[in-house]
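Colleague: The following block contains the structure, expressed as structure tokens.
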Amino acid sequence: MFRQFVFYYFKTGNYSFRIIDPESEDGCFRAYYSENEGGVVDTYEDDVVHFFNTQTRLDNALRQEVDPLIDKHLDKKKITVDAVTLGEEFGFATCFVEGVAQKEIDACLSLDMKADAKNIPIPTQIVLSLHTDEAESFRRAMELAGEISALGYSIDFYDFYTSGNYYQMVPTEKLLKAKSVDDLEEFIMDDYDIPKED
């Protein structure tokens, strides 16, 4: 039997319902009334039919195991670039990869499937924001990719920001086979403006 929880939003004056299937990890969605959206709206199709809940659960499982491994490769001190203080470096793993078609995701997932961080059936990615130059950032990204692969995690792509460029959607096998950062030139995102170090 489904359970439901009702929330009232004072700002909009609307009620929102959260419907939960107690026999399913992924079987929950919201329903709410919105004049702007033409009446009653629900998130069932996105959250359940198109596996957003499942994908979120897999993403959490991946991040729980891989993010601590990434943290070991990051510099936590703050640096100043063009008189702007940048926060510490950061990085995270995800299975929410930009550009992956919904039908590709739908074909690989099933409701309540096991969340195995080493066997995520949809594309995965590690995003790194590094404050070092291209050569050093490349070395560190390769070192991380080698460690993650050796531990049995299947990561498909790496994005990494450096002090000069943003390398986007670099396939892991290309990163690991590259001899230098010059071999990854095709993955530089041209219109990304990163402050230059003084």
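Colleague: Given the residues Ala141, Ala117, which is the only one that is part of a helix (DSSP H, G or I) and either small (Gly, Ala, Ser) or at pLDDT below 95 (or both)?
Modeller: Numbers: Ala117 fails: part of a helix (DSSP H, G or I).
Of Ala141, Ala117, the one residue that is part of a helix (DSSP H, G or I) and either small (Gly, Ala, Ser) or at pLDDT below 95 (or both) is Ala141.
Colleague: Hey, another quick one. Looking only at the range 113-133, filter to residues that are open to solvent by less than 60 Å² (accessible area, probe 1.4 Å) and not aliphatic (A, V, I, L, M); which one of those is nearest to Phe160 (Cα to Cα)? So that I can check it myself, show each step before the final result.
Modeller: Quick first cut of the range 113-133, residues open to solvent by less than 60 Å² (accessible area, probe 1.4 Å) only: 113, 115-117, 120-132.
Filter once more, keeping what is not aliphatic (A, V, I, L, M): 116, 121, 123-125, 129, 131-132.
On the way: Asp116: 25, Pro121: 23, Pro123: 17, Thr124: 14, Gln125: 10, Ser129: 6, His131: 10, Thr132: 11 Å.
Checking each candidate, the answer is Ser129.
Colleague: Select from the range 134-162 the residues that are touching a residue at least 60 places away in the same chain (Cβ under 8 Å) and open to solvent by 20 Å² or more (accessible area, probe 1.4 Å) and list them in ascending order.
Modeller: Within the range 134-162, Arg140, Glu143, Glu147, Leu151, Tyr153, Phe157 meet the criteria.
Colleague: Out of the residues in the range 163-186 that are in contact (Cβ under 8 Å) with a residue 12 or more places away in the chain and in a loop (DSSP other than H, G, I, E, B), state the one that is nearest to Glu88 (Cα to Cα).
Modeller: Filtering the range 163-186 for residues that are in contact (Cβ under 8 Å) with a residue 12 or more places away in the chain and in a loop (DSSP other than H, G, I, E, B), the one nearest to Glu88 (Cα to Cα) comes out as Ser163.
Colleague: Which one is nearest to the chain's Cα centre (by Cα) among residues in the range 152-193 that are over 19 Å from Glu136 (Cβ atoms) and among the β-branched types (Val, Ile, Thr)?
Modeller: Only one residue fits best here, namely Ile155.
Colleague: Let me ask another. Restricting to the range 29-64, what's the tally of residues that are surrounded by 13 or more Cβ atoms within 10 Å (Cβ to Cβ), more than 30 Å from Glu136 (Cα to Cα) and either touching a Pro at 6+ places or on another chain (Cβ under 7 Å) or not small (Gly, Ala, Ser) (or both)?
Modeller: Residues meeting the conditions: 20.
Colleague: Moving on to the next point. Please state which of the following conditions Gln102 fails to meet, knowing it meets all the rest: (1) open to solvent by 20 Å² or more (accessible area, probe 1.4 Å); (2) closer than 17 Å to Leu74 by Cα.
Modeller: Checking Gln102 against (1) open to solvent by 20 Å² or more (accessible area, probe 1.4 Å); (2) closer than 17 Å to Leu74 by Cα, the one that fails is (2).
Colleague: When you go through Asp26, Asp67 one by one, which is the residue that is assigned to a loop (DSSP other than H, G, I, E, B), of a type outside the set (A, V, I, L, M, F, W, C), at pLDDT 75 or above and surrounded by 11 or more Cβ atoms within 10 Å (Cβ to Cβ)? Full working, then the answer.
Modeller: Values: Asp67 fails: assigned to a loop (DSSP other than H, G, I, E, B).
Criteria check complete, one pass: Asp26.
The values are calculated or read from the model by the stated rules, or taken from the named source; none is laboratory data. Remember, predicted model here, so these are calculated numbers, not experimental data. Glycine also receives a Cβ, built like all others from the backbone with ideal geometry; neighbour counts cover every protein chain displayed. Surface accessibility is based on the protein's heavy atoms, side chains included, excluding ligands, DNA and RNA. Shrake-Rupley method; radii C 1.70, N 1.55, O 1.52, S 1.80 Å.
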